[in-house]
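Working notes, beginning with the structure itself.
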Amino acid sequence: MSTFHDKVIYQAYPKSFKDTSSNGIGDLNGIKEKLPYLADLGIDMLWLNPFYKSPQNDNGYDVADYTSIDPIFGTWDDFDGLISEANSYGIDLMLDMVLNHTSTEHEWFQKALAGDKKYQDYYILRELQEDGSLPTNWESKFGGKAWSKFGDTDKYYLHLYDVTQADLNWRNPEVREELYKVVNFWLEKGVKGLRFDVINVIGKDEILEDAEDGVGKSHYTDTPIVHDYIQELNKETFGRYEDIVTVGEMSSTTVENGVKYSNPERNELSMIFSFHHLKVDYKDGEKWSIMPFDFIELKKILHEWQEGMVEGGGWNALFWNNHDQPRANSRFGDVENYPVETSTMLAQTIHLLRGTPYIYQGEEIGMTNPNYEDLDEYVDIETHNAYKKMREDGISHDEAMAIIKEKSRDNSRTPMQWDDSKNAGFSDAEPWLKVADNYKNINTENTDVSQAIRDYYKTLIRLRKDIPIIQEGSYDVLELEHPSIFAYVREYEGEKLLVLNHFYGEDDTITIPDELLNMDASYLIGNGSERKLEKEFKLGPYETAAFLLK
Ligand code: NOJ
């Protein structure tokens with residue numbers, strides 16, 4: 001059996017987890033202080049977003065020094081203390097490797113700017129086209145064009161993200177070597193997990209040209225050379241160890257590439273994050289829009305990825321939430337009327353699928369979007385860029401704010417709600433991002449809604465460890481076109497696991513096939529009343545139920 005298929009990974013966003021230094025920003029010691037909480041939950045690995053030196057224009061994804069700790073988060077002693085104490089609880093650390101780009105404050109970029117040719121070749125610099133237009137017509141993923149002027153030269157540098165995040169030139173072997181040193185540095189510190197930021201966009205075309213669609217993704221996403229780079233990265237770094245878990249964040253990828261990235265025979269990564277299932281409430285593919293989520297589409301995407309990864313021997317990372325997504329319970333459920341049912345149903349839907357579940361801080365207690373009223377309450381750079389763009393496009397202030405309220409990445413970045421005291425027990429100083437108003441009821445000490453959700457998560461985590469079918473079972477869907485229920489069957493060594501998840505607020509029924517009814521069924525876990533499996537199985541609002549069949 002694979003070494004990591006029974007594991008559950010928890011993501012803590014260091015900035016918002018727990019502040020022990022009273023600067024309003026979470027820190028490494030805060031994470032250390034909360035290890036007993038995480039151990040009690042039962043998680044195996046803790047993914048931390050970047051805490052390296054950074055100007056924080058993109059909350060640490062603009063790294064200025066890969067092998068340092070930003071003083072806002074703590075010191076080397078704090079890091080050493082965190083890793084050893086985590087290990088004593090049986091928790092390993094997973095760190096974020098941001099290898100596609102550096103901050104423009106990184107020494108390499110600064111040297112390049114100062115005219116050092118060696119470092120100029122670390123980045124992607126080009127001249128304007130003959131007609132005076134930018135080197136290519138590509139767009140930055142954070143809005144605007146993907147090229148900015150390189151100092152006072154006549155060149156431009158590529159930045160697929162913020163203007164302060166310059167893309168590295170992976171075609172330069174020296175760059176790759178430098179980056180492998182970074183990865184090895186952290187592995188030598190005892191880190192056991194690596195999350196590779198937007199790793200499928202590192203391989204830009206050799207000749208950079210205008211894109212027909214004016215966006216450019218096909219010129220740098222999932223290009224064949226990416227697989228070569230990842231294989232080399234594997235060989236030069238984590239592949240030298242037995243027990244490292246890796247996950248690649250894959251922007252706009254395909255199942256076919258997902259299989260390649262994560263099939264163990266190819267020596268690339270352990271698993272991947274894909275995002276198509278989190279775009280089912282984008283109107284015409286546009287994130288900054290409001291649309292009720294398309295349930296059938298959501299199911300089809302989850303289904304396609306499950307089926308494709310089984311067939312190709314790949315492995316999915318399973319998740320609803322992270323620091324880039326609005327809260328899934330606010331998005332796909334009814335947090336007003338069914339907070340416990342919504343959160344537990346969403347959790348069960350993915351925890352019992354084939355893949356590795358990730359829990360993003362606070363989802364285990366039912367944290368929701370904060371519903372800020374004011375643009376000033378948002379910090380995220382992407383949100384502010386989007387606001388500007390929407391206003392330029394003629395969208396009214398009120399409409400733009402309504403969209404931001406649903407779509408901003410800050411929705412998930414609010415401080416962790418520990419208790420009902422000031423600032424939700426996150427900090428005794430003013431938090432860098434406002435706490436959600438509902439912290440008095442939704443917090444880790446609440447004995448009602450939050451506790452019910454957390455207890456449910458604990459059970460799901462334990463079941464994954466106890467039941468091989470959850471770790472290793474195959475996957476099949478039931479009634480893909482059912483309008484409100486996502487039902488699937490896992491199978492392993494003659495046993496089956498039937499999981500029924502209802503995504504809406506009214507009762508609905510699904511017909512269970514005779515082949516399953518003829519087996520011996522026992523109720524495994526659900527958020528409604530325990531009952532027998534029957535032909536016309538009725539599920540209540542946001543109900544989830546799982547049966548083991550022998
Ligand atoms: C993906 C990260 O998750 C996101 O937060 C960041 O802005 C981009 N990559 C750029 O590094």
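The values are calculated or read from the model by the stated rules, or taken from the named source; none is laboratory data. All values derive from a computational prediction rather than experimental measurement. All Cβ positions, even for glycine, are placed from backbone atoms using ideal geometry, and neighbour counts span all protein chains on display.
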Self-check item: Scan of the range 484-521 for residues that are exposed (fewer than 12 other Cβ atoms within 10 Å of the Cβ) and of a type outside the set (D, E, K, R), ordered by number
Solution: Gly494, Asn518
Exercise. Pairs only if they're at least six apart or on different chains, beta carbon under 7 angstrom, first in the range 251-276 and in contact (Cβ under 8 Å) with a residue 12 or more places away in the chain and in a loop (DSSP other than H, G, I, E, B), second aliphatic (A, V, I, L, M) and away from the ligand (no atom under 16 Å from the Cβ); list them, first residue then second.
Key: Glu268/Ile230; Leu269/Ile230; Ser270/Val245
Self-check item: Residue that is surrounded by the fewest Cβ atoms within 10 Å (Cβ to Cβ) [pool: residues in the range 16-52 that are among the polar types (S, T, N, Q) and farther than 28 Å from Gln348 by Cα]
Solution: Ser22
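Please indicate, with yes or no, whether at least one residue in the range 229-251 is within 16 Å of the ligand (Cβ to nearest atom) and either in the same structural domain as Gly144 (by TED's automatic domain parsing) or over 15 Å from Met94 (Cα atoms) (or both).
Initially, the range 229-251 is screened for residues within 16 Å of the ligand (Cβ to nearest atom), giving 246-251.
Subsequent filtering for residues that are either in the same structural domain as Gly144 (by TED's automatic domain parsing) or over 15 Å from Met94 (Cα atoms) (or both) retains 250-251.
The answer is yes; a qualifying residue exists.
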Practice problem: With the condition kept exactly as written, say whether any residue in the range 287-294 is of a type in the set (Val, Ile, Thr), under 26 Å from Leu548 (Cβ atoms) and modelled with pLDDT of 95 or more. | Solution: no
Quiz item: Using beta carbons and a limit of 8 Å, which pairs, at least six apart or on different chains, have the first residue in the range 141-167 and over 18 Å from Asp210 (Cα atoms) and more than 14 Å from the ligand (Cβ to nearest atom) and the second one among the hydrophobic types (A, V, I, L, M, F, W, C) and part of a loop (DSSP other than H, G, I, E, B)?
Solution: Asp154/Leu128
Practice problem: Kindly establish whether Ser68 is over 22 Å from Asp167 (Cβ atoms), more than 16 Å from the ligand (Cβ to nearest atom) and part of a loop (DSSP other than H, G, I, E, B). | Solution: no
Practice problem: Of all residues in the range 388-424, count the ones that are free of Cβ contacts under 8 Å to residues at least 12 places away in the same chain and either within 16 Å of the ligand (Cβ to nearest atom) or of a type in the set (Lys, Arg) (or both). | Solution: 2
Quiz item: If the Cβ limit is 7 Å and pairs must be 6+ apart or interchain, which residue in the range 49-69 that is β-branched (Val, Ile, Thr) and modelled with pLDDT of 95 or more pairs with which residue that is more than 13 Å from the ligand (Cβ to nearest atom) and assigned to a loop (DSSP other than H, G, I, E, B)?
Solution: Val63/His106; Ile69/Phe51; Ile69/Thr75
Quiz item: What about Tyr13, is it surrounded by fewer than 20 Cβ atoms within 10 Å (Cβ to Cβ) and modelled with pLDDT of 95 or more?
Solution: no
Exercise. Of all residues in the range 112-140, count the ones that are within 16 Å of the ligand (Cβ to nearest atom) and without any contact (Cβ under 8 Å) to a residue 24 or more places away in the chain.
Key: 1
Quiz prompt | Residues of the range 500-519 satisfying the condition of being over 15 Å from Glu341 (Cβ atoms), assigned to a strand (DSSP E or B) and among the aliphatic types (A, V, I, L, M) | solution = Ile510
Practice problem: Name every residue in the range 249-283 that is closer than 26 Å to Lys389 by Cβ and either among the small types (Gly, Ala, Ser) or at pLDDT below 95 (or both), in order of residue number. | Solution: Ser251, Ser252, Ser274
Quiz prompt | Members of the range 168-178 that are out of contact with any strand residue (DSSP E or B) (no Cβ under 9 Å at 6 or more places or on another chain) and within 16 Å of the ligand (Cβ to nearest atom) | solution = Trp170
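Is there a residue in the range 33-43 that is modelled with pLDDT of 95 or more and in contact with a His (Cβ under 6 Å, 6 or more places away or on another chain)?
Checked against the condition, which is being modelled with pLDDT of 95 or more and in contact with a His (Cβ under 6 Å, 6 or more places away or on another chain), the range 33-43 yields no hits at all.
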Exercise. Look through Gly81, Gly90, Gly74 and report the one residue that is at pLDDT 95 or above, surrounded by fewer than 22 Cβ atoms within 10 Å (Cβ to Cβ) and either outside the structural domain of Lys434 (by TED's automatic domain parsing) or at positive phi (or both).
Key: Gly90
Quiz item: Would a scan of the range 348-367 turn up a residue that is free of Cβ contacts under 8 Å to residues at least 24 places away in the same chain, more than 16 Å from the ligand (Cβ to nearest atom) and either more than 27 Å from Lys434 (Cβ to Cβ) or not acidic (Asp, Glu) (or both)?
Solution: no
Quiz item: Restricting to the range 43-65, what's the tally of residues that are of a type outside the set (A, V, I, L, M), within 13 Å of the ligand (Cβ to nearest atom) and not in a loop (DSSP other than H, G, I, E, B)?
Solution: 1
Exercise. Consider only pairs whose beta carbons are under 8 Å apart and that are at least six residues apart or on different chains; among these, list those whose first residue lies in the range 7-29 and is in the same structural domain as Pro50 (by TED's automatic domain parsing) and within 19 Å of Ala436 (Cα to Cα) and whose second residue is among the small types (Gly, Ala, Ser) and assigned to a helix (DSSP H, G or I).
Key: Tyr13/Ser412; Pro14/Gly30; Phe17/Gly30; Lys18/Gly30; Asp19/Gly30; Gly26/Ser16
Exercise. Check off (1) in contact (Cβ under 8 Å) with a residue 12 or more places away in the chain; (2) outside any loop (DSSP other than H, G, I, E, B) for Asp77 and give me the number that stays unchecked.
Key: (1)
Quiz item: What pairs can you find where one residue is in the range 283-296 and in the same structural domain as Ile395 (by TED's automatic domain parsing) and part of a strand (DSSP E or B), the other is exposed (fewer than 15 other Cβ atoms within 10 Å of the Cβ) and of a type outside the set (Lys, Arg), and their Cβ atoms are less than 9 Å apart, with a gap of 6+ or different chains?
Solution: Lys283/Ile290; Lys283/Met291
Quiz item: When the range 80-104 is examined, which residues are found to be within 16 Å of the ligand (Cβ to nearest atom), under 23 Å from the mean Cα position of the chain (by Cα) and in a loop (DSSP other than H, G, I, E, B)?
Solution: Val98, Leu99, Asn100
